[in-house]
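Some notes on the structure that comes next.
The values are calculated or read from the model by the stated rules, or taken from the named source; none is laboratory data. The shown structure was predicted, so the numbers you read here are calculated from the model rather than taken from an experiment. All Cβ positions, glycine included, derive from the backbone under ideal geometry; neighbour counts span all protein chains shown.
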Amino acid sequence: MPPTTARESTLETFPWRADLPTRLRALLPFATLAPSSHNAQPWRFVVADDHVDVHVELDRWLRVADADQRELYVSIGCALENLLIAADEVGLRTRVGYFPDPDATTLAARVQMEGAGGDHARGGPLFAAISRRRTVRERFRDEPPAPSQLGSLTSCGASDVHVVLSADPAVARRFDELTTRADALQFADPAWREELGEWIGRGVYGHGWLLSRMARLAVAHLNLGASSGRSDHALLSHTPVLGLIVTAGDTPLERVRAGQTFERVWLLAEAGGLALHPMNQTLQIPASREAVRTLIEGDLRAPQIAFRLGRPLATGDARSPRRPIDEVVDPPTTEPGPT
Ligand SMILES: Cc1cc2nc3c(=O)[nH]c(=O)nc-3n(C[C@H](O)[C@H](O)[C@H](O)COP(=O)(O)O)c2cc1C
């Protein structure tokens, strides 16, 4: 019986002998452990006889913070990559068709699966890292990761998506300035605060019911821009490496592909004992995204996601909650699984 939530990357309950749709459904809890902005989990999966369709759920799009839908499609790419890694781990061969049906506007990807023959190019340590990965919003140790480790992370990129890592203090200073300014601008915007407050109130960051509601009120009614800027500055002062995932342009396809690369980088970092913290306020404001673009050297110049990377001091934040699996899968499971 498939698990309703993949608390560990374990295949103990995987229905190895079941028909293909049942096996495909059992992979989806691993897809939903992917990161997403504000933990909005803006995805829906439709399981067919030999494929899974990955849809964007537009009513979970952050219309204020993510007006151009960049993070929406990056988040979809993260979930898609987890699905491919999990499929590979159970020996399924996959083929991805991106935006395969022009009439189905929410359909971001169709993953065709065949019963045998995964090449384990994606599984293994990356699969094991799926359930351990989490956002670490803490100071990092000041010593940088080993160059060989950074080299492996950079090679997660492809011809259409590059991974740019920088330990240059001048880049760090400029990114810090831009982040502090972006924090101030966002908290000064009541619509932005209202949206953040609404998601916090839904409990997406895992606080209890009462705390979530109190945090919602605080965010919606207080201008916390200066204090957020100070705490981000403190975090950035203990950040040995800054990273960017970049593409040539800004199409939904490029953003999904950027999300896939980002998730691979994050899982590989996790597998190697590193911690990662996306920090995207600079990319959410057009003028500061433009300023970040000038920090990039190389052919591809559209920044899709920015992050801090380093060795964690602490074990990291508690795990954030996920939507119940039946809420994100069509058709829902007929038998109730263990909770
Ligand atoms: C596209 C994207 C953008 C994100 N931006 C930020 C950010 O700017 N600041 C932040 O603290 N976390 C950011 N996150 C992390 C999410 O908040 C996090 O993934 C989510 O709360 C789920 O928690 P988890 O990563 O621990 O599973 C981002 C994640 C994604 C995928």
Counting only residues in the stretch 186-210 that are within 11 Å of the ligand (Cβ to nearest atom) and at pLDDT 85 or above, the one farthest from the chain's Cα centre (by Cα) is identified as Q186
Are any residues in the stretch 82-104 touching a Phe, Trp or Tyr at 6+ places or on another chain (Cβ under 9 Å) and either without any contact (Cβ under 8 Å) to a residue 12 or more places away in the chain or not assigned by TED's automatic domain parsing to the domain that holds V56 (or both), and if so, which ones?
none
Test A318 against the stated conditions and say whether it is within 14 Å of the ligand (Cβ to nearest atom), in a loop (DSSP other than H, G, I, E, B) and either modelled with pLDDT of 90 or more or out of contact with any His (no Cβ under 6 Å at 6 or more places or on another chain) (or both).
yes
Would you check which residues across the stretch 279-315 are away from the ligand (no atom under 15 Å from the Cβ), free of Cβ contacts under 8 Å to residues at least 24 places away in the same chain and part of a helix (DSSP H, G or I) and list them?
P286, A287, E290, R293
Determine whether R264 is closer than 14 Å to V163 by Cβ, of a type outside the set (A, V, I, L, M, F, W, C), within 14 Å of the chain's Cα centre (by Cα) and not in a loop (DSSP other than H, G, I, E, B).
yes
Quick check on the stretch 8-30. Is at least one of its residues within 15 Å of the ligand (Cβ to nearest atom), closer than 19 Å to N280 by Cβ, in contact (Cβ under 8 Å) with a residue 24 or more places away in the chain and out of contact with any strand residue (DSSP E or B) (no Cβ under 8 Å at 6 or more places or on another chain)?
no
S155 vs. criteria modelled with pLDDT under 95 and not aromatic (F, W, Y):
no
